[in-house]
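Sharing a structure, written as structure tokens. Questions coming.
The values are calculated or read from the model by the stated rules, or taken from the named source; none is laboratory data. Since we're looking at a predicted model, the values are computed, not measured. Note that we place each Cβ from the backbone using ideal geometry, even for glycine, and neighbour counts take in every protein chain shown. Side chains are part of the model used for accessible areas, which takes the heavy atoms of the whole protein and leaves out ligands, DNA and RNA. Shrake-Rupley method; radii C 1.70, N 1.55, O 1.52, S 1.80 Å.
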Amino acid sequence: MMQPSSLIDRDLKHIWHPCSQMKDYEIFRPLEVIAAKGSYIELQHGKKIIDAISSWWCKSLGHNHPRLKHALVQQMEKFEHVILANTTNETIVRLSERLCRLTKSLNKVFYASEGSSAIEIAMKMSLHARYIQGDHKRNIFIALENGYHGETLGALSISDIGIYRSPYTATLLETYFISPIPYVHSMHDDLWRNCDAYWEKIEKKLDAYAQTTTAVIVEPIVQGAGGMKLYSQDFLKRLRVWADHHNVHLIADEIMTGIGRTGKMLACDHAGIEPDFLCLSKGLTSGWLPLSAVLTKQSLFDLFYDDYETGKSFLHSHTYSGNALAASIAVEVLNIVEEEHLCLRAEEIGLLMYEYLKEIARETNKLKNIRQMGAIVAAELVGNQPNRRLGYDVYRKAVELGALLRPLGNTIYWLPPLTIDLATLHELKSMTEVAIQSVF
Ligand SMILES: Cc1ncc(COP(=O)(O)O)c(C=O)c1O
């Protein structure tokens, strides 16, 4: 009699997993998830692993949060999803009001599902605004070296990570990448407060693009996929001033940093600046359902506001724009972050994680360039040997020990749920240390 195939075999027969070399699955099989709760993912045979990266940086309140489940069920009792063009409802209006209170100047919200769709929307709104104004010269973007904004073609154009971008270079939009970036290790570096030494050179290079650029896009303060690199808040401030001075829009991609991750509600708050377009996703629903939002200001909105026949309407649409289930969760996420003071908690656990990572570095001698911002810490593995994927080996070992790390190349980082308890963090420290020791 034929044996029934295992779930893993059935998976590998049909599923092309995201961000993966599928050949890797020959030796490191997909983990079979049974359940997830708080900071833990439960696997087959009762094994539990710590979600040390909040499942690609979105599970900011952990898994299966009872209040989020309650909000979802309450919305489900009313309706799940209704087209947002020409309709409205209490949930989406409440969410929009809440989001607009995150800044002083942004008072309009446009909804989508994925982070990259929000990026595409912000890029298109910027270009479209120029079109309406008859400013046809401004059609290039400025972005940061080593930045990342998603995988769709527009988002890839303004991303600077070769492995994701290279195959498509010939088709991408023109982008100028700023370098060098004044990177820091924490808020206590001098560069954090003053990046004069860098700015003089950067500004000269930027000036060459002042008349042809529609927008500068940044991941404020923390570059995620580029290796959890932190940069000076003074640099962000100066970019804002430069953009204002030259009539260039500033797009803040807070898809990873937004809603408390860096110890402030928005990473832009570290620099006390506000962008022209703000993109949010991931933590917005704490990873329950896909939802993204682009916030912008009245003056940009007004450019598009005219009789239909003038052709000024922003006719971008996604089927699930403003999905009510996702919106109901987002409202409750914002309630919880505020009521439980989770920005403060991000900073508190971040400082502890920083100490832990430094301890691991002392014990193993295998980590350098340790850095921390809010509830994000990162460091590079040292001693890489050709033909070895050290980060990947650490990842596999850590899973065996009970932690889902998934390093970025040789960058080891923790970005756990903001609600993670201290005992779990301590466990994570021990597991990471053993995993690192074991691969050398
Ligand atoms: C800063 C940033 N922007 C955009 C994206 C793209 O978001 P999504 O994967 O939801 O399309 C990501 C995803 O990791 C991100 O970190």
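Restrict the check to the range 61-71 and report whether at least one residue is in a helix (DSSP H, G or I), surrounded by 13 or more Cβ atoms within 10 Å (Cβ to Cβ), in contact with a Leu (Cβ under 6 Å, 6 or more places away or on another chain) and touching a residue at least 40 places away in the same chain (Cβ under 8 Å).
Looking through the range 61-71, none of the residues is in a helix (DSSP H, G or I), surrounded by 13 or more Cβ atoms within 10 Å (Cβ to Cβ), in contact with a Leu (Cβ under 6 Å, 6 or more places away or on another chain) and touching a residue at least 40 places away in the same chain (Cβ under 8 Å).
Please enumerate the residues belonging to the range 152-176 that are polar (S, T, N, Q) and within 16 Å of the ligand (Cβ to nearest atom).
Hits for the range 152-176 are 152, 157, 159, 175.
Looking at residue 233, is it over 15 Å from residue 271 (Cα atoms), in contact (Cβ under 8 Å) with a residue 24 or more places away in the chain and either away from the ligand (no atom under 16 Å from the Cβ) or not aliphatic (A, V, I, L, M) (or both)?
Taking the combined requirement at face value, the residue does not satisfy it.
Restricting attention to the range 72-96, which residues are surrounded by 15 or more Cβ atoms within 10 Å (Cβ to Cβ) and either within 19 Å of the chain's Cα centre (by Cα) or in a helix (DSSP H, G or I) (or both)?
Matches in the range 72-96: 72, 75, 91, 92, 94, 95, 96.
Also: I'm trying to understand the selection: among the residues of the range 97-120, which are assigned to a helix (DSSP H, G or I), closer than 21 Å to residue 334 by Cβ and within 14 Å of the ligand (Cβ to nearest atom)?
Selection gives 115, 117, 118.
Residues checked against (1) under 29 Å from residue 408 (Cβ atoms); (2) not in a helix (DSSP H, G or I):
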position: 295; (1), (2): yes, yes
position: 319; (1), (2): no, yes
position: 334; (1), (2): yes, no
position: 346; (1), (2): yes, no
position: 353; (1), (2): yes, no
position: 360; (1), (2): yes, no
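Would you mention how many residues in the range 333-392 are more than 17 Å from residue 434 (Cα to Cα) and among the hydroxyl-bearing types (Ser, Thr, Tyr)?
1
Which of the numbered conditions does residue 198 fail, given that it passes all the others? Conditions: (1) within 29 Å of residue 58 (Cα to Cα); (2) over 19 Å from the mean Cα position of the chain (by Cα); (3) away from the ligand (no atom under 16 Å from the Cβ).
Against the list (1) within 29 Å of residue 58 (Cα to Cα); (2) over 19 Å from the mean Cα position of the chain (by Cα); (3) away from the ligand (no atom under 16 Å from the Cβ), residue 198 comes up short only on (1).
Go through (1) closer than 19 Å to residue 135 by Cα; (2) open to solvent by 10 Å² or more (accessible area, probe 1.4 Å); (3) within 11 Å of the ligand (Cβ to nearest atom); (4) not aromatic (Phe, Trp, Tyr) for residue 251 and report which single condition fails.
(2)
Please count how many residues of the range 214-248 are within 16 Å of residue 155 (Cα to Cα), touching a Phe, Trp or Tyr at 6+ places or on another chain (Cβ under 8 Å) and not charged (D, E, K, R).
Of the residues in that region, 8 qualify.
Evaluate the range 259-268: report whether one residue or more is within 16 Å of the ligand (Cβ to nearest atom) and over 20 Å from the mean Cα position of the chain (by Cα).
No, the range 259-268 has no match at all.
List the residue pairs whose Cβ atoms are under 6 Å apart, where the first residue sits in the range 118-138 and is more than 19 Å from residue 217 (Cα to Cα), the second is open to solvent by 40 Å² or more (accessible area, probe 1.4 Å) and not in a helix (DSSP H, G or I), and the two are 6 or more positions apart or on different chains.
132/312
Out of the residues in the range 359-392 meeting the condition of being within 21 Å of residue 189 (Cα to Cα) and acidic (Asp, Glu), tell me which one is surrounded by the fewest Cβ atoms within 10 Å (Cβ to Cβ).
359
Considering only the range 400-411, I want to know if a residue exists there that is in contact with a Ser or Thr (Cβ under 8 Å, 6 or more places away or on another chain), outside the structural domain of residue 263 (by TED's automatic domain parsing) and surrounded by fewer than 18 Cβ atoms within 10 Å (Cβ to Cβ).
No, the range 400-411 contains no residue that is in contact with a Ser or Thr (Cβ under 8 Å, 6 or more places away or on another chain), outside the structural domain of residue 263 (by TED's automatic domain parsing) and surrounded by fewer than 18 Cβ atoms within 10 Å (Cβ to Cβ).
If I filter the range 132-156 down to residues being among the small types (Gly, Ala, Ser) and crowded, with 21+ Cβ neighbours inside 10 Å, which single residue comes out as nearest to residue 211 (Cα to Cα)?
The selected residue is 143.
Hey, can you tell me all the residues within the range 313-328 that are more than 15 Å from residue 79 (Cβ to Cβ) and of a type in the set (A, V, I, L, M)?
315 - this is the single residue of the range 313-328 that is more than 15 Å from residue 79 (Cβ to Cβ) and of a type in the set (A, V, I, L, M).
Pick out the one residue from 297, 312, 282 that is within 14 Å of the ligand (Cβ to nearest atom), open to solvent by 50 Å² or more (accessible area, probe 1.4 Å) and among the basic types (Lys, Arg).
Exactly one of 297, 312, 282 is within 14 Å of the ligand (Cβ to nearest atom), open to solvent by 50 Å² or more (accessible area, probe 1.4 Å) and among the basic types (Lys, Arg), namely 282.
Output the residue which, of all residues in the range 141-151 that are within 15 Å of the chain's Cα centre (by Cα) and more than 16 Å from residue 229 (Cβ to Cβ), is nearest to the ligand (Cβ to nearest atom).
150
Give the number of residues within the range 21-60 that are touching a helix residue (DSSP H, G or I) at 6+ places or on another chain (Cβ under 9 Å), open to solvent by less than 40 Å² (accessible area, probe 1.4 Å) and not in a strand (DSSP E or B).
Qualifying residue count, the range 21-60: 11.
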